[in-house]
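The values are calculated or read from the model by the stated rules, or taken from the named source; none is laboratory data. Nothing here was measured: the structure is a model prediction, and the numbers come from that model. Heads up, the Cβs are rebuilt from the backbone with ideal geometry, glycines too, and the neighbour counts pull from every protein chain shown. In case anyone asks, the SASA skips ligands and DNA or RNA and just uses the protein heavy atoms, side chains included. Shrake-Rupley method; radii C 1.70, N 1.55, O 1.52, S 1.80 Å.
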Amino acid sequence: MSRRTEIDVRPMTEAEFPDWNRAMKTGFLQSPAVTAEQLEGHRRQFVPGRSLGAFDGERCVATFRSFDQEVTAVGGAPVRADAISNVTVTSTHRRRGLLTRMMAQDLAAAKDRGDVVATLIAAEYPIYGRYGFGPATTMTEWTVDVPRAGLDPRWAAPEDGGRIDLVEGEEVRKLGPELHERLRRAQPGAVSRSELWWQARTGVVQMNDTPWAEPYYAVYRTADGEVEGMAAYRSDDHWGDAKQPLNTATVDWLIAVTPGAERALWHYLCSIDWITTVKSGWRAPDDLLPQLLPDPRAARITTQADWLWVRILDVAAALEARTYEGRGSVVLEVVDRGGLTGGRWRLEAGADGASCVPSTESAHLVLDVGELAALWLGDESAVRLAALGRVREERAGAARVADALLRTSRRPWCPDMF
């Protein structure tokens, strides 16, 4: 086996694209074979200098890709992000520092570009904390027992005068981007979607091993004809021994910009003939779904886990980008072992904005940059982290002051996997 110093970590070239994709699929325990159609789809994600590989001779043994993204801060401001994806290390080359080298190279470039944060969805929890990332949002998945939900089985239309229409992929590509923009402007933790995102989810571009099968697309329109919600879902075909339908509708994604649209789409999904179970897909942990049902116990949690991880690259820019419901100040000692944005900062915040500047004052709270990331979108509690020993109070009551500033009335949510 090659020594660590013989392995070259560098940006992938277009000629190395097939081998890089083979290594990426191998790392995710997928079939290593790459079809021409998949290569073409992934090639559309290629940005020179942003797809890194570790090469042992001519063979790619680790992969790493990043791309431009915006993540919504509390209050609706879009924040520049370095989105990280396709991170793998081939099993023959583990524990040799390849991820550390790729991560350091990418984060340094992101810092130089002026990105405020880096983001990723972590396949494994223990990996990314050592690089300064912290879990900033949570995902919950519900399974709804439709017969128990208590909905009127004679359902015909939304109660507010709106309507549900089934549409084709072409209409989704026309209507979806604007609807999603409305959602992400109001949803802390939401991230931008490219044109390629919509193409891949409507069958125009093939990127997965599974052959494309078009889902159903449902659009909610108000009585005035305005599009306020949209969902993609699939159904299996399962019948019981007594010739009773036991079909499951699985939601690929559902976005709604009003509670009325959200209610109408969930009630529609629970009203489809032969559907006895609805799987919600990735939802916010405080999603309205359970309480939209007459019997909320019909919706049971089947998955609940961390989702969007954030790495702060610029403490001042990140904390000044968001809004604050309360007024106050706190001095933070931010420990950054990666050397990108550590130091002592005084945050002064109120309803009219915030300032975050370097400070020589004594720290009120001492925390790792990953813990600051967990607090940034308002989901985590500084008091809770202090109880866990992950935040240290240097001034009594400082964690409560931080919570009064940073926590939000609704929890952040990232609807997307990337």
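Quick notes on this one:
- Among the residues of segment 25-43, the ones that are open to solvent by 40 Å² or more (accessible area, probe 1.4 Å), at pLDDT below 90 and of a type outside the set (Gly, Ala, Ser) come to 5 in all.
- Restricting LEU319, LEU332, LEU313, LEU254 to residues that are under 30 Å from LEU166 (Cα atoms), open to solvent by less than 50 Å² (accessible area, probe 1.4 Å) and either touching a strand residue (DSSP E or B) at 6+ places or on another chain (Cβ under 6 Å) or of a type in the set (A, V, I, L, M, F, W, C) (or both) narrows the list to LEU254.
- Scanning segment 107-142 for residues that are acidic (Asp, Glu), touching a residue at least 12 places away in the same chain (Cβ under 8 Å) and surrounded by fewer than 21 Cβ atoms within 10 Å (Cβ to Cβ) yields a single hit, GLU141.
- Lone qualifier among ASP8, ASP68, ASP19 - being open to solvent by 20 Å² or more (accessible area, probe 1.4 Å) and within 14 Å of ARG101 (Cα to Cα): ASP8
- Residue ID - nearest to the chain's Cα centre (by Cα), chosen from residues in segment 20-52 that are in a loop (DSSP other than H, G, I, E, B) and β-branched (Val, Ile, Thr): VAL47
- Residue that is nearest to the chain's Cα centre (by Cα) [pool: residues in segment 257-281 that are open to solvent by less than 20 Å² (accessible area, probe 1.4 Å) and not β-branched (Val, Ile, Thr)]: GLY281
- Residue in segment 202-251 that is surrounded by the fewest Cβ atoms within 10 Å (Cβ to Cβ), counting only those that are of a type in the set (Lys, Arg) and closer than 23 Å to ARG283 by Cα: ARG234
- Among the residues making up segment 386-418, those that are among the aliphatic types (A, V, I, L, M), surrounded by 15 or more Cβ atoms within 10 Å (Cβ to Cβ) and part of a helix (DSSP H, G or I) are ALA386, ALA398, ALA399, VAL401, ALA402, ALA404, LEU405, LEU406.
- Boolean, SER381 is surrounded by 18 or more Cβ atoms within 10 Å (Cβ to Cβ), under 23 Å from the mean Cα position of the chain (by Cα) and among the polar types (S, T, N, Q): yes
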